[in-house]
Amino acid sequence: MTFLSPWMLAGAAAVGVPVALHFFYKARYRRLPWAAMSFLREAIEQTSRRLKFQEWILLALRCLVILLLALALARPGRLSVGGTGRGEAVDAVLVFDTSYSMAAREGDRTRLDLAKEAALGVLDSLPPNSSVQMIACADRVEKLGPQSRFNLDQARQLIPTVEPTSLATDFLPGLTAALDAAETGTAPVKEIYLFTDLQKAGFERQQGAIRDACDRIKTRANLVLVRCGKADRKLANVAVTDVQAVGTIPHTKTRVPFVVSLKNTGTDPVKGIKVGLELDGRAVERDVVQVEQIDPGQVVPVTLTGTLDEPGLRVLTVRVTGDALPGDNRLDRLILVRDVIRVLLVDGAPDRESPAESASHFVRNALTPVPENRTEEFYIRPQVVTAAEVGPANLASVDVVYLLNAPAPSEADPRAGLPADFVARLKEFVAAGGGLVIGSGDQVRPADYNRVLGSSGVGLLPFDLAGPAEAAPEADPFAPAPESVEEKSFLAPFRDPPFSSALRAVGIGKLLPVRESGAGSPGGRVLVRTADGKPFVSSRVVGEGEVVFVGTTLDERWTNFPGRGSDAFVPFTQFALAHLTGRKVPGGNKTAGEPLVWFPPEAAAGYELLKPQRPGEPAARRVRLDRARSTTAGDKLTVTVPPNETADAGVYRVVPDGSPDTKGAVFAAAPDLRESANLDCAADGDLRNWLGFEPVVITAGAGTEAAVNEVRVRREWTEWVLLAVLAFLVAEGAWAWVCGRAW
């Protein structure tokens, strides 16, 4: 219990008045002898006990009236969830849920519109001399203002500017920040209002921590949950989860098929969804594609074809219409459209008598799956050199390098094998974003490779090699296992048909083992294993680039992998090329709320962030960034965009001050799809189970101000105490009349 006017309890001292009257007020009389009194003495003694009992009851009633009156003037109330006194100044904190589920429409308004209207009602209900602070919260906190906490007019002006983000719901940061903000105030009463659709995911993500935070709030402030929207409403929602180019690397002068993945995250079927594809803001198809129906939980692929006319970094945008939640209806992806892709094939064992038997022949045919008379027109241009002929100059203008059974120089003859200056330049090439594929063979000697390319050398091998090649029986060769393919790798399509069947048909006679532990193992990943668990394909990220190591040959000396006995080699080569060339993008594809990191080629005076343009805004928003920095001497310069600046999905650009928008890094941020994975809203019973007490929940709408006042009335006991005073006054009067006593 708390008292809003505790100094009024001093009035309880007035209880001494009736006590004093009772004990010290006596009627004065003079003794007169009268013989008849002796006959009355006996009767008086018989009734004295009854009279004293009546007087004690009358005294108790009068004392209780005075005590209750003092208690009423002190305005008792309950300090827990709920309201407060109606006339006392309040330190109020308004927390707005800005996750993108708040953009769902409830009739002709969004849930966030209801929250804004309710917030204005709360401001109108605050007593004089109250203060207010406002916080936006999804899975992180943004302080909105006002600059002066006592400026309620400025707070009213800020409320319409609150916008939804592309982030997922998590109430813990907002509740924690709200309590900290409330405790900085000086008013005796604290109120925290959370305006939200009460999405279940927001409580379940950190349920224990949220319960602890609400317990702390309950002892220090009054928490009111303002429900924005109907608790039982089921949103019809289809999310764009992915878009991928199919079967080819995006390149000019061709129509590229893109597969868009749509998922129904709601509980009801959704009909009539329309899908459109844009490139740099322009539609790449004349008409949109309509999907008749998507069932709950179903993922539907939709193929859209686009013509790519110009090379360079392009923004591919998928737009969906027809559901109730716009927050995940757009997905932006950066794609690098190529005019020409140049691949260097370093063949360590060319077969001059039978060139068709060499590894470079198989790789070149897999890279250019077109008739021989058209290879010069094809956008992939492989160049073949021998290990003895290769040099640093060969790496100029090259996107990907293949080392095909190329020998490393030995300690006995350092001039044999790959030149040292080429190896040094190769490390720089990969670190700058290039791709490297290493194929095994008889000339790949483990000791030399570990010393030159492994952990003892330039560190390009995913793992150090373990020893000589292991041979399998001719009748029972090693076989790759599709189920072992790393799910989050560029080879993931080999987990499913038809590629899984092609991979299962590969037979490996010899396999070069690797050390999965030890000095050269940190950072290495096994992408594919054989059925008995041996590493077949592994990789390592080196700087901006990546190295892929294949444990067998890329010709038919050790395996049928590149030959006619398997249909896996061409897709493997295409997947690897698409993945490795895609790493040379100055920026990248991110999720909203993630930090953006760019390594500028040279330092500038300063940098700016161009944020996605919101509807109704005349231009992209610009944010000043820190200068490029390096953590230690010799490291790359780094420009970092903090995660609080990336709350919106869309296209971001980091550019030097004064430079055109095209100069710098480009990032495409997708919405955080955790938000729409479960769109159910919590019922009052759910809240009670999660929080451990019955929270005060009011519904946003036109009557919010009245609802807040009603909560305050319900939580203050003054009226009930005054009713008790009236009841005791009536009882005292009646008893005094019965007893024939007055003051």
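In the set ALA424, ALA447, ALA416, ALA388, only one residue is hydrophobic (A, V, I, L, M, F, W, C), assigned by TED's automatic domain parsing to the domain that holds LEU527, farther than 24 Å from LEU367 by Cα and in a loop (DSSP other than H, G, I, E, B); that residue is ALA416. In segment 428-445 there is at least one residue that is of a type in the set (Ser, Thr, Tyr), buried (at least 22 other Cβ atoms within 10 Å of the Cβ) and in contact (Cβ under 8 Å) with a residue 60 or more places away in the chain.
The rows are residues; the columns are (1) surrounded by fewer than 19 Cβ atoms within 10 Å (Cβ to Cβ); (2) of a type outside the set (Asp, Glu); (3) touching a Cys at 6+ places or on another chain (Cβ under 8 Å); (4) free of Cβ contacts under 8 Å to residues at least 24 places away in the same chain.
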position	(1), (2), (3), (4)
ARG111	no, yes, yes, no
ALA119	no, yes, no, no
ASP139	no, no, no, no
PHE150	yes, yes, no, yes
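Residues that are farther than 25 Å from ALA103 by Cβ and touching a residue at least 24 places away in the same chain (Cβ under 8 Å) were ranked within segment 263-283; the one that is surrounded by the fewest Cβ atoms within 10 Å (Cβ to Cβ) is ASP280. Applying the criterion of being free of Cβ contacts under 8 Å to residues at least 40 places away in the same chain and under 25 Å from the mean Cα position of the chain (by Cα) to the residues of segment 171-200, the residue that is farthest from ASP124 (Cα to Cα) is PRO173. Being free of Cβ contacts under 8 Å to residues at least 60 places away in the same chain and polar (S, T, N, Q), is that true of even one residue in segment 569-577? Scanning segment 569-577, I find no residue that is free of Cβ contacts under 8 Å to residues at least 60 places away in the same chain and polar (S, T, N, Q), so the answer is no. With the structure loaded, tell me whether VAL370 is in contact with a helix residue (DSSP H, G or I) (Cβ under 7 Å, 6 or more places away or on another chain) and assigned by TED's automatic domain parsing to the domain that holds GLY563 or whether it fails that test. No: the conditions fail for VAL370.
Cβ-Cβ distances below 6 Å connect the following pairs, each with a first residue in segment 677-699 that is buried (at least 16 other Cβ atoms within 10 Å of the Cβ), a second residue that is in a loop (DSSP other than H, G, I, E, B) and aliphatic (A, V, I, L, M), and a separation of six or more residues or different chains: LEU679/LEU235; CYS681/LEU198; CYS681/ALA231; ALA682/LEU198; PRO695/VAL81; VAL696/VAL81. Of all residue pairs spaced 6 or more apart or on separate chains, those with beta-carbon atoms under 6 Å, a first member in segment 387-411 that is in contact (Cβ under 8 Å) with a residue 60 or more places away in the chain and surrounded by 17 or more Cβ atoms within 10 Å (Cβ to Cβ) and a second member that is among the basic types (Lys, Arg) and not in a loop (DSSP other than H, G, I, E, B) are ASP399/ARG342. Can you confirm whether segment 581-601 contains a residue that is more than 26 Å from the chain's Cα centre (by Cα), outside any strand (DSSP E or B), without any contact (Cβ under 8 Å) to a residue 12 or more places away in the chain and not assigned by TED's automatic domain parsing to the domain that holds PRO493? Checked segment 581-601: at least one residue is more than 26 Å from the chain's Cα centre (by Cα), outside any strand (DSSP E or B), without any contact (Cβ under 8 Å) to a residue 12 or more places away in the chain and not assigned by TED's automatic domain parsing to the domain that holds PRO493. Taking the listed residues VAL226, VAL240, VAL260, VAL256, the one that is assigned to a strand (DSSP E or B), in contact (Cβ under 8 Å) with a residue 40 or more places away in the chain and in contact with a Phe, Trp or Tyr (Cβ under 6 Å, 6 or more places away or on another chain) is VAL226, with no other qualifying.
Just for segment 299-335: of the residues that are within 19 Å of GLN613 (Cα to Cα) and out of contact with any Gly (no Cβ under 9 Å at 6 or more places or on another chain), which one is surrounded by the most Cβ atoms within 10 Å (Cβ to Cβ)? Walk me through it before giving the result.
Looking only at segment 299-335, we keep the residues that are within 19 Å of GLN613 (Cα to Cα), and these are 314-320, 326-334.
Going one step further and asking which of them are out of contact with any Gly (no Cβ under 9 Å at 6 or more places or on another chain), we end up with 314, 326-328, 331, 333.
Numbers: ARG314: 19, PRO326: 18, GLY327: 24, ASP328: 26, LEU331: 23, ARG333: 18.
By that ranking, first place goes to ASP328.
Can you confirm whether ASN394 is polar (S, T, N, Q) and at negative phi? Taking the combined requirement at face value, the residue satisfies it.
Report yes if some residue within segment 114-128 is touching a Lys or Arg at 6+ places or on another chain (Cβ under 9 Å) and part of a loop (DSSP other than H, G, I, E, B); otherwise report no. Yes, some residue in segment 114-128 is touching a Lys or Arg at 6+ places or on another chain (Cβ under 9 Å) and part of a loop (DSSP other than H, G, I, E, B).
Table: residues versus (1) farther than 30 Å from ALA366 by Cβ; (2) of a type in the set (Asp, Glu); (3) crowded, with 20+ Cβ neighbours inside 10 Å.
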| site | (1), (2), (3) |
| --- | --- |
| THR186 | yes, no, no |
| LEU194 | yes, no, yes |
| GLN206 | yes, no, no |
| LYS218 | yes, no, no |
| ALA236 | yes, no, yes |
| VAL240 | yes, no, yes |
| VAL256 | no, no, yes |
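Return the total of residues in segment 140-155 being more than 22 Å from GLN613 (Cα to Cα), outside any strand (DSSP E or B) and not hydroxyl-bearing (Ser, Thr, Tyr). Matching residues across segment 140-155 total 9.
What number of residues within segment 156-206 satisfy the criterion of being closer than 17 Å to VAL93 by Cβ and either in contact with a helix residue (DSSP H, G or I) (Cβ under 9 Å, 6 or more places away or on another chain) or assigned to a helix (DSSP H, G or I) (or both)?
Narrowing segment 156-206 to residues closer than 17 Å to VAL93 by Cβ: 156, 158-159, 162, 171-196.
Filter once more, so that each one left must be either in contact with a helix residue (DSSP H, G or I) (Cβ under 9 Å, 6 or more places away or on another chain) or assigned to a helix (DSSP H, G or I) (or both): 156, 158-159, 162, 171-183, 190-196.
So the count comes out to 24.
Of the residues making up segment 363-378, those that are out of contact with any Phe, Trp or Tyr (no Cβ under 9 Å at 6 or more places or on another chain) and surrounded by fewer than 18 Cβ atoms within 10 Å (Cβ to Cβ) number 8. Only one of the numbered conditions (1) crowded, with 23+ Cβ neighbours inside 10 Å; (2) more than 33 Å from the chain's Cα centre (by Cα) is not met by GLU556, and that is (1).
Listed here are the residues, each with its yes/no results for (1) of a type outside the set (Asp, Glu); (2) part of a strand (DSSP E or B); (3) out of contact with any His (no Cβ under 7 Å at 6 or more places or on another chain).
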residue	(1), (2), (3)
GLY520	yes, no, yes
VAL526	yes, yes, yes
ASP532	no, no, yes
SER538	yes, yes, yes
VAL547	yes, yes, yes
ARG557	yes, no, yes
PRO562	yes, no, yes
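Let's see how each residue does on (1) of a type in the set (Gly, Ala, Ser); (2) under 23 Å from VAL542 (Cα atoms); (3) surrounded by fewer than 16 Cβ atoms within 10 Å (Cβ to Cβ):
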| position | (1), (2), (3) |
| --- | --- |
| GLN574 | no, yes, no |
| ALA578 | yes, yes, no |
| THR581 | no, yes, no |
| GLU617 | no, no, yes |
| THR638 | no, yes, yes |
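The values are calculated or read from the model by the stated rules, or taken from the named source; none is laboratory data. Fair warning: this is a prediction, and the values are worked out from it, not measured in the lab. FYI the Cβ positions are ideal-geometry reconstructions off the backbone, even for glycines, and counts take in every protein chain you see.
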